[in-house]
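Asker: Below are the structure tokens for one structure; questions will follow.
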Amino acid sequence: MKVDIINLEAKSVGSMELADAVFGAEVRPDILQRCVEWQRAKRRAGTHKTKTVSEIRGTTAKPYRQKGTGRARQGSRRSVQFRGGAVAHGPVVRDHAISLPKKVRRLALRAALSAKQAAGQLVVLDDARLESPKTGALADRFARLGWTSALIVGGPTLDVNFTRAARNIPGVDVLPSAGTNVYDILRRQILVLTRDAVGALEARLK
């Protein structure tokens, strides 16, 4: 399929062919959902922790005698039913990551790219470079282009000036081609790919 190429001044500077195998694949919502869950699970720190009975500071003596008080039997003041005691079935430090086959991840990335293309939310940019890292000037260009929520994917290496100017603009993310992922594509409305990014993604996913 053929798409137009624009520059940061919103002017057309040519066109290019996109590979149907990458940008025209079947959109599978189930695969996209599995990949997003996999990504978000990997990002969880898993450092939450509550104390068990053995970790609570306090006496080890029996609160009162076993029989004759008319109250329920108790063995420790550190039990969960007492104030200042342990937490029953509380969270522990663990890894929340789940496994997802590499083929499924590649399929999900193709589906995400194809979904943006099918929805008319894919833009091919000539180049993501600036002469100076001016956030205000870049924000004005994005406003003229109508990019209020956008993921911009560059080539293998990013332009330092462009990255510095874009990182303070709300709703705009900038990634190298190697960092392209399903979650960041779906969380932004517009997907902007440079020429280099298109070539890198096609070589990676074909």
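Asker: Filter the stretch 178-206 for residues that are among the hydroxyl-bearing types (Ser, Thr, Tyr) and within 15 Å of ARG129 (Cα to Cα) and give the result.
Answerer: THR194
Here is a yes/no grid of residues against (1) loosely packed, with under 11 Cβ neighbours inside 10 Å; (2) assigned by TED's automatic domain parsing to the domain that holds VAL182; (3) of a type in the set (Asp, Glu); (4) farther than 16 Å from VAL123 by Cβ:
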position: VAL13; (1), (2), (3), (4): no, yes, no, no
position: MET16; (1), (2), (3), (4): no, yes, no, no
position: PHE23; (1), (2), (3), (4): no, yes, no, no
position: VAL27; (1), (2), (3), (4): no, yes, no, yes
position: ILE31; (1), (2), (3), (4): no, yes, no, yes
position: GLU37; (1), (2), (3), (4): no, yes, yes, yes
position: ARG40; (1), (2), (3), (4): no, yes, no, yes
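Asker: Which of (1) hydrophobic (A, V, I, L, M, F, W, C); (2) modelled with pLDDT of 95 or more; (3) within 30 Å of GLY24 (Cβ to Cβ) is the odd one out, the single condition ALA72 does not satisfy?
Answerer: Condition not satisfied by ALA72: (3).
Asker: Considering only the stretch 170-177, I want to know if a residue exists there that is in contact (Cβ under 8 Å) with a residue 12 or more places away in the chain and out of contact with any strand residue (DSSP E or B) (no Cβ under 8 Å at 6 or more places or on another chain). So that I can check it myself, show each step before the final result.
Answerer: The initial filter retains those residues of the stretch 170-177 that are in contact (Cβ under 8 Å) with a residue 12 or more places away in the chain, namely 171-177.
Now narrow it down to the ones that are out of contact with any strand residue (DSSP E or B) (no Cβ under 8 Å at 6 or more places or on another chain): none.
No, every residue in the stretch 170-177 fails to be in contact (Cβ under 8 Å) with a residue 12 or more places away in the chain and out of contact with any strand residue (DSSP E or B) (no Cβ under 8 Å at 6 or more places or on another chain).
Asker: What about SER79, is it over 30 Å from LEU186 (Cα atoms), hydroxyl-bearing (Ser, Thr, Tyr) and not in a loop (DSSP other than H, G, I, E, B)?
Answerer: no
Asker: Output yes when any residue across the stretch 140-156 is over 26 Å from GLU202 (Cβ atoms), in a loop (DSSP other than H, G, I, E, B) and under 20 Å from the mean Cα position of the chain (by Cα), and no when none is.
Answerer: Taking every residue of the stretch 140-156 in turn, at least one turns out to be over 26 Å from GLU202 (Cβ atoms), in a loop (DSSP other than H, G, I, E, B) and under 20 Å from the mean Cα position of the chain (by Cα).
Asker: Could you please find all residues in the stretch 65-94 being exposed (fewer than 12 other Cβ atoms within 10 Å of the Cβ), more than 30 Å from ARG44 (Cβ to Cβ) and not small (Gly, Ala, Ser)?
Answerer: Selection gives ARG65, GLN66, LYS67, THR69, ARG71, ARG73, GLN81, ARG83.
Asker: To continue, here is another question. Would it be correct to say that GLY46 is in a loop (DSSP other than H, G, I, E, B) and over 30 Å from ASP184 (Cβ atoms)? Steps first, please.
Answerer: Working: in a loop (DSSP other than H, G, I, E, B): yes; over 30 Å from ASP184 (Cβ atoms): no.
Criteria not met by GLY46.
Asker: Within the stretch 99-113, track down each residue that is surrounded by 11 or more Cβ atoms within 10 Å (Cβ to Cβ) and in a loop (DSSP other than H, G, I, E, B).
Answerer: Taking the stretch 99-113 and keeping what is surrounded by 11 or more Cβ atoms within 10 Å (Cβ to Cβ), we get 100, 104-113.
Listed by number, the list holds a single entry, LEU100.
Asker: For ARG129, work out the one condition from (1) modelled with pLDDT under 95; (2) part of a loop (DSSP other than H, G, I, E, B); (3) farther than 17 Å from ALA10 by Cα it doesn't fulfil.
Answerer: So ARG129 meets the others, but not (3).
Asker: In addition: Any idea how many residues of the stretch 170-203 are part of a helix (DSSP H, G or I) and among the polar types (S, T, N, Q)?
Answerer: 1
The values are calculated or read from the model by the stated rules, or taken from the named source; none is laboratory data. As the structure is a prediction and not an experimental result, all values here were calculated from the model. Neighbour counts run over all protein chains shown; Cβ positions are idealised from the backbone, glycine included.
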